[in-house]
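Beneath this line is the structure, given in structure tokens, with notes to follow.
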Amino acid sequence: MLHRLLKAFVLMLLMSMAQAQSPATPRPFKIFHVMSYHSPWVWTDGQLEGFKRSLAGIPLEVKVFQMNTKVNSDLKSKEKLGSEARALIDSWKPDLLYTTDDEAQEFVASHYVGSNLPIVFSGMNAAPAKYGFADAKNVTGVLEQEHFIESLTLLRSIVPGVKRVAVVFDDAAIWQPVAARMRESASRQSEFNVVAWDTIRTWEEYKAKVLAYQSSADAIALIGVFNFKDERQKNVPYQEVLKWTAANSRLPDISFWRDRVAHGTLASMTVSEKEQGLAAGLLAKAILVDKKEPSSLPMRPTVKGVPIISHARADSLGIKMRSTTYLSSEILPDFEWNKAAK
């Protein structure tokens, strides 16, 4: 009897020692993600998808906060949402903050510059210095820089006669650095002539401008189309803006993002949302897993553009595309509103 008890005791002791020596299951890394915009939307969802893909196989707990600033576009709303996001961050204490697009940088991430909280951003249009990121020890990320001349070159491969271009922005502050880069790239070439750099504030003004462009331009670059105010001072949904444009403009048009082509714009050498997220995820992995200092990881733009063309918009404009253009581009066969109606 004593022998059996002693044997059982030794066995329990050995098991206890083995458990003590075996590594404990690591807790998931806690990541707080602030979207400037909303979900579902291909731009924001694609960034988060790419981010998670780069961290595949690593235990994660991700919380998402949506600012939805395309609807909540006034300063008071942005400040309130930023305060709410920061309160959640302070209480949850994540291992890393992932912020996408500019409002999340201005109203959330900038408040943690110089803290012990690592920050990774993507989809940011402004220069890092605007938000205090340039020399911050705890910040790195992925810059969003558009492909203006490349998009125009793609458009000319579809419509060879394009020369005069009207560029449209709404009055959101995020477009100021975009416009500056576009102007700089336009100044370095002579193939295209920008005949208008228009900042438009109301829905009625936008419709009047587009109709006027029919005789003064060969193409339109639709960049900022979110903040056009209707008679109630509400933002007209960008999907409605692009649908109206497709129905009422005979000019070919470009933008820089996939969702614009899905909703009626003819062509874009797009900024890839997934490439933005993938690059941001690799930075997060270097910080969390490899224990790199954020400041040691350079802030760079993604450089890979994806040519995308709306076949439905080309058809509505009576454009016959070359087979080489089809083969070298992603073709979206139908308008998004038609797909939704089926």
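Just report the Cα centroid separation between segment 106-126 and segment 71-98, whole Å.
11 Å
Quote the relative contact order of the chain in percent (integer), defining contacts as alpha-carbon pairs under 8 Å separated by 6+ residues. Could the numbers behind the result be given before it?
Working: 634 pairs, mean separation 65.7, N = 342.
It comes to 19 percent, rounded to a whole number.
Charges on Cβ only, +1 for Lys and Arg, -1 for Asp and Glu, centred on the Cα centroid of segment 62-204; of N68, H111, P128, which one is farthest towards the dipole's positive end?
Among N68, H111, P128, the one farthest towards the positive end of the dipole of segment 62-204 is P128.
Carbon and sulfur: what percent of the chain's accessible surface (1.4 Å probe)?
Details: 9200 of 16370 Å².
Roughly 56 percent, rounded to a whole number.
Using Cα springs under 10 Å in a Gaussian network model of the chain, which residue among E273, E146, E240 shows the largest mean-square fluctuation?
E240
Tell me, what is the FRET efficiency for K320 and E231 to the nearest 0.05, using R0 = 35 angstrom and their Cβ-Cβ distance as r?
Numbers: r = 40 Å, r/R0 = 1.15.
Efficiency computed from Cβ-Cβ geometry: 0.30.
Once fully extended, how much extra length lies between V42 and T153, figured as 0.36 nm per residue of separation less the alpha-carbon to alpha-carbon distance?
Details: separation 111, 0.36 × 111 = 39.96 nm, distance 2.46 nm.
That works out to 37.5 nm of additional length.
Length gain on complete extension for the stretch S190 to A87, per 0.36 nm per residue less the alpha carbon to alpha carbon distance?
Numbers: separation 103, 0.36 × 103 = 37.08 nm, distance 5.08 nm.
Value of the extension gain: 32.0 nm.
Which far-off residues, 5 or more places away or on another chain, put their amide H under 5 Å from the one on L60, with H placed in the peptide plane?
F29
Net charge within 12 Å of A247 by Cβ-Cβ distance, Lys/Arg positive one each and Asp/Glu negative one each, not counting A247 itself? All intermediate terms of the calculation are to be shown ahead of the outcome.
Working: positive: K207, K243, R250, R313; negative: E240.
Around A247, the charge tally is +3.
Through the Karplus equation 6.51 cos²θ - 1.76 cosθ + 1.60, θ set to phi - 60°, convert the phi angles of segment 114-130 into ³J(HN,Hα) values in whole Hz; use x for Gly and Pro.
Per residue, the Karplus-derived 3J(HN,Hα) values read x, 8, 8, 8, x, 10, 10, 10, 8, x, 8, 8, 6, 5, x, 4, 4 Hz.
From the square roots a ≥ b ≥ c of the eigenvalues of the alpha-carbon gyration tensor of segment 287-331, which class results: rounded (a/c under 1.5), prolate (a/b over b/c), or oblate?
On the way: a/c = 4.81, a/b = 4.21, b/c = 1.14.
Verdict is prolate for segment 287-331.
Quick check on my link table: of K78/K229; K63/K339; K76/K234; K63/K234; K130/K243, which ones sit more than 24 Å apart, alpha carbon to alpha carbon? Can you show the working numbers first?
Details: K78/K229 17 Å; K63/K339 31 Å; K76/K234 15 Å; K63/K234 30 Å; K130/K243 34 Å.
Table pairs above 24 Å Cα-Cα are K63/K339; K63/K234; K130/K243.
Ordered by packing density, taken as the mean number of other Cβ atoms within 10 Å over each peptide's residues, highest first, how do 309-315, 99-105 rank? Can you show the working numbers first?
Numbers: 309-315: 20.7, 99-105: 27.7.
Highest mean packing first, the order is 99-105, 309-315.
Starting from the Cα-Cα distance between R183 and I58, subtract it from 0.36 nm times their residue separation and give me the gain in nm to one decimal. The partial results should precede the final answer.
Details: separation 125, 0.36 × 125 = 45.00 nm, distance 4.23 nm.
Net length gain for the segment: 40.8 nm.
Counting helices only, and only those DSSP H runs with n ≥ 4, report the 222 nm mean residue ellipticity of the chain as the sum of -39,500 (n - 2.57) divided by its residues, in deg cm²/dmol to the nearest 500.
Numbers: 13 runs with 145 residues, N = 342.
Rounded to the nearest 500, it is -13000 deg cm²/dmol.
What residues have an amide H closer than 5 Å to that of D253, excluding those fewer than 5 places away on the same chain, when H is modeled at 1.01 Å from N in the peptide plane?
Hits under the 5 Å cutoff: I220, L266, A267.
Which whole-number percent gives the relative contact order of segment 213-342, counting Cα pairs below 8 Å spaced six or more residues apart?
Values: 166 pairs, mean separation 28.4, N = 130.
22 percent.
Explain nothing, just the number: dipole magnitude of the chain about its Cα centre with +1 on each Lys and Arg Cβ and -1 on each Asp and Glu Cβ, in debye rounded to the nearest 20. Each step should come with its number before you reach the end.
On the way: 42 positive and 37 negative charges, 170 e Å.
With only Lys, Arg, Asp and Glu charged at Cβ, the dipole is about 820 debye.
Give me the 1.4 Å probe accessible area per residue for the chain, excluding ligands and nucleic acids, in Å². Can you show the working numbers first?
Details: 16370 Å² over 342 residues.
Accessible area per residue, the chain: 48 Å².
Amide H to amide H under 5 Å from F228: which residues, 5+ apart in sequence or cross-chain, H placed 1.01 Å off N in plane?
V236
Could you tell me whether segment 216-274 comes out rounded, prolate or oblate from its Cα gyration tensor? Rule is a ≥ b ≥ c as square roots of the eigenvalues, rounded for a/c under 1.5, then prolate if a/b exceeds b/c, otherwise oblate.
oblate
Students often forget the sequence filter, so: which lysines lie under 16 Å Cα-Cα from K304 once same-chain residues fewer than 8 apart are removed?
Result set, ordered by chain and number: K274.
Tell me, what is the FRET efficiency for A173 and N248 to the nearest 0.05, using R0 = 35 angstrom and their Cβ-Cβ distance as r?
Values: r = 28 Å, r/R0 = 0.81.
With R0 = 35 Å, the Cβ-Cβ based efficiency is 0.80.
Between (i) 1.03; (ii) 1.12; (iii) 0.98, which matches Rg/Rh (Cα atoms, Kirkwood Rh) calculated for the structure shown?
The listed entry that was calculated here is (ii).
Evaluate the charge dipole of segment 62-112 about its Cα centre and quote only its size in Debye, nearest 20, assuming +1 on the Cβ of each Lys and Arg and -1 on the Cβ of each Asp and Glu. Kindly include the intermediate steps, with their values, before the conclusion.
Numbers: 7 positive and 9 negative charges, 36 e Å.
Here the size comes out at about 180 debye.
Roughly how many whole Å is it from the C-alpha centroid of segment 127-199 to that of segment 222-289?
13 Å
Pull up the cross-link candidates among the aspartates and glutamates for K52, meaning alpha carbon to alpha carbon under 16 Å and not fewer than 8 places away within one chain.
Cross-link targets: E61, D95, E273, E275.
Using the Karplus equation 6.51 cos²θ - 1.76 cosθ + 1.60 (θ = phi - 60°), what ³J(HN,Hα) coupling, rounded to whole Hz, does each residue of segment 67-72 give in order, writing x for Gly and Pro?
7, 6, 6, 6, 9, 8
How would you classify segment 32-98 from its alpha-carbon gyration tensor, with a ≥ b ≥ c the square roots of the eigenvalues: rounded for a/c under 1.5, else prolate if a/b is greater than b/c, otherwise oblate? Don't jump to the answer; show the numbers that get you there.
On the way: a/c = 3.69, a/b = 1.35, b/c = 2.73.
Note, shape of segment 32-98 comes out oblate.
What nm value, rounded to one decimal, do you get for the distance between S215 and S296 when each label is placed 7 Å out toward the C-beta?
Going from the S215 label point to the S296 one covers 6.4 nm.
The values are calculated or read from the model by the stated rules, or taken from the named source; none is laboratory data. Small disclaimer: the values here were computed from a predicted structure and weren't measured. Note: ideal-geometry Cβ built from the backbone for every residue, glycine included; neighbour counts use all protein chains shown. These accessible areas exclude ligands, DNA and RNA; they are computed on the full protein's heavy atoms, side chains included. Shrake-Rupley method; radii C 1.70, N 1.55, O 1.52, S 1.80 Å.
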